[in-house]
Amino acid sequence: CWGAGAKPVTALSGRHGNDGDAAVGKGRRQWKGRKMRYLIGIDNGGTFSKAAIFDEEGNQIAVSSVPTVTITPKPGYTERDMDELWRVNAQAVRTAIQKSGIDPKDIAGVSFSGHGKGLYMIDGDGNPSYHGILSTDARAWKYVEDWYKDGTNKKVHEKTVQEILACQPVSILAWFQEYHPEVLEKTKYIFAVKDYIRYKLTGEAFAEYTDFSGANLVNLHTKSYDKELMELFGLGDMYEKLPPLKHSAEISGHITAKASDETLIPEGVPVAAGMFDVNACGIASGLASEKDMCMVAGTWSINEFIGKNPIDNGTVALNSMFCMPGYFLIEESSPTSAGNMEWFIRTLLDYEKKAAKEEGRSVYDITNEWVASIEPQDSNVIFLPFLNGSNEDALAKGTFVGLTAYHNKKHMLRAVYEGIVFSHLTNVKKLLRNRQATKGIRTSGGAANSDVWVQIFADALQIPVDTVGDKELGAQGAAIAAGIAAGVYKDYQEAISRTVKITKTVNPRPEYKEIYEEKYATYRAVIDGLSKAWEHFKN
């Protein structure tokens, strides 16, 4: 996620309300007369692998974040070397434990969050069958187009209550079936990214409900695999390659001796199944009631609420099982969020990055200052944040519209901030058709670390925005699952009450309402005006 969160610490953060009950000394802490237990959350997103260590009251003790290399052999293809991915994860865990100063014997449990969609496959020997495929991959768009043309989507929707996306495993498997059938022939198990890392730690192969139920692989009515569903996609032969399903907080193996040597986690520590990072950020933000809404502004634009039943009227793109038993996650999402900001920095702000480093500052300090220096009504540049995909058209591309010789990088940057907000707004408007208005939205992800950006969200949405404590929320959600599996917490409600801390509420400014409504209307007009152009960008 952009500008990702908390700085590692090796002592108490001081923000914890019960610090009087805790004692610190050489990495050991006492809690209410007993030894403190620690939980590890491992989070694999689109650009980083992170490991964070939390105490049982939700304080982040240490974090290690390691970049992951994305392989782009062709436009629209995003892959990663799975062996390298495991090495990066092991490094992140090792470093976090070393930074923390804790005794590894005090680690009570481990779990995971990770990007949804995509595809990670292993053969019968546990080796990768191919590179891992990320959730930003668009190679399989043609199959989705065909399934919508021939009516397959309607039959699928009856079972899964969700749209079909090019980045889902079913679409990518169809591509492999046509272009690389030999890969599928040697594949034994189909995984999500976190399932692969769990396998490397435990040697046991499982899938998990929150991920696979959001990937058109699970019948949402029966809450199980469905061979007829796979056959609708022409993937009946893949049915046997689906691993057994586990719930997020269910123990799904234990740390092996080999994994212990590589990560420093003691052998035998219980490992929970983990969850889709959308669930993880939601739980770590306190999403436990149907009244709440949650928004993650990271690589993906994630916008969500939970309910006792899925929304089956076709107005919502994705329904899936939530990590809390008995609830469904209702979600509108797209790869259109702060990942676009990372591209802008990487491509256009090399000088500013070097200057910031020399000044002992972050480049994000500069970007926030630039955006704050321009009022929204003073720049009419529009940015479509479709560099990694779109929530409008599978072929849509990232675009600046309205540039003149007057404009500079500051105006373009303001447009990037706003375009990402407008993409979220499109998703939120779809969700609000199916529920009562919310009194606030809890936000997380890299964009939540920018006061300037959060204010734009609040002004454009005209809804108060709550931000959650300065820590890695994907990893925190994973640690909550680990804590439930290990008996540290009775259930999700207890875990939330002990660990979630709202740090700030940003209220919308009514005087900006009409300004952003007009800018959003222009954003929509640009999208509509380009609708016939994307066909020319297939290659």
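The values are calculated or read from the model by the stated rules, or taken from the named source; none is laboratory data. All values reported here derive from a predicted model rather than from experimental measurement. Note that we place each Cβ from the backbone using ideal geometry, even for glycine, and neighbour counts take in every protein chain shown. SASA here: full protein model, heavy atoms, side chains in, ligands and nucleic acids out. Shrake-Rupley method; radii C 1.70, N 1.55, O 1.52, S 1.80 Å.
The set of residues in region 396-425 that are buried (at least 18 other Cβ atoms within 10 Å of the Cβ) and over 20 Å from ILE515 (Cβ atoms) comprises ALA396, GLY398. Could you tell me whether GLY116 is modelled with pLDDT under 95, open to solvent by less than 10 Å² (accessible area, probe 1.4 Å) and in contact with a strand residue (DSSP E or B) (Cβ under 8 Å, 6 or more places away or on another chain)? Spelling it out, GLY116 is indeed modelled with pLDDT under 95, open to solvent by less than 10 Å² (accessible area, probe 1.4 Å) and in contact with a strand residue (DSSP E or B) (Cβ under 8 Å, 6 or more places away or on another chain). Suppose we filter LEU232, LEU184, LEU217 for residues that are more than 24 Å from the chain's Cα centre (by Cα) and closer than 29 Å to HIS254 by Cα; which single one remains? When all the criteria are applied, what remains is LEU184. In the set (1) in a helix (DSSP H, G or I); (2) touching a residue at least 40 places away in the same chain (Cβ under 8 Å); (3) open to solvent by 10 Å² or more (accessible area, probe 1.4 Å); (4) of a type outside the set (Gly, Ala, Ser), the condition left unmet by GLU392 is number (1).
The residue pairs whose first member lies in region 397-421 and is free of Cβ contacts under 8 Å to residues at least 24 places away in the same chain, whose second member is aromatic (Phe, Trp, Tyr) and part of a strand (DSSP E or B), and whose beta carbons are closer than 9 Å, counting only pairs six or more residues apart or on different chains, are PHE400/PHE383.
You will find that of VAL218, VAL278, VAL271, VAL296, the residue that is closer than 22 Å to HIS157 by Cα and touching a strand residue (DSSP E or B) at 6+ places or on another chain (Cβ under 6 Å) is VAL278 and no other. Taken over region 201-213, the criterion of being part of a helix (DSSP H, G or I) and acidic (Asp, Glu) is satisfied by ASP211 alone. Can you say whether LYS74 is open to solvent by 50 Å² or more (accessible area, probe 1.4 Å), of a type in the set (Lys, Arg) and under 22 Å from LEU387 (Cβ atoms), as far as the supplied structure shows? Yes: the conditions hold for LYS74.
Just checking, how many residues over region 457-492 are open to solvent by less than 10 Å² (accessible area, probe 1.4 Å), outside any strand (DSSP E or B) and within 30 Å of TYR512 (Cβ to Cβ)? Qualifying residue count for the region: 4.
For region 496-523, taking the residues that are in contact (Cβ under 8 Å) with a residue 60 or more places away in the chain and among the basic types (Lys, Arg), the one that is nearest to ILE484 (Cα to Cα) is identified as ARG498.
Filtering ALA273, ALA207, ALA215, ALA259 for residues that are without any contact (Cβ under 8 Å) to a residue 40 or more places away in the chain and open to solvent by less than 10 Å² (accessible area, probe 1.4 Å) leaves a single hit, ALA207. Flag: ILE122 does not match the condition of being part of a helix (DSSP H, G or I), modelled with pLDDT of 95 or more and within 24 Å of the chain's Cα centre (by Cα). When you scan region 155-169, do you find a residue that is in a strand (DSSP E or B) and of a type in the set (Ser, Thr, Tyr), even just one? There is no residue in region 155-169 that is in a strand (DSSP E or B) and of a type in the set (Ser, Thr, Tyr).
Can you tell me which residues in region 363-388 are open to solvent by less than 40 Å² (accessible area, probe 1.4 Å), farther than 17 Å from GLY339 by Cβ and not in a helix (DSSP H, G or I)? The answer is ILE374, SER379, VAL381, ILE382.
When we screen ALA174, ALA140 for residues that are in contact with a Phe, Trp or Tyr (Cβ under 8 Å, 6 or more places away or on another chain) and within 14 Å of ALA394 (Cβ to Cβ), the only hit is ALA140. Listed conditions (1) closer than 21 Å to ALA486 by Cβ; (2) open to solvent by less than 40 Å² (accessible area, probe 1.4 Å) are all met by GLU250, apart from (2).
Taking region 177-195 as the range and being in contact (Cβ under 8 Å) with a residue 40 or more places away in the chain, part of a helix (DSSP H, G or I) and surrounded by fewer than 24 Cβ atoms within 10 Å (Cβ to Cβ) as the test, the residues that pass are GLN177, VAL183, LEU184, LYS186.
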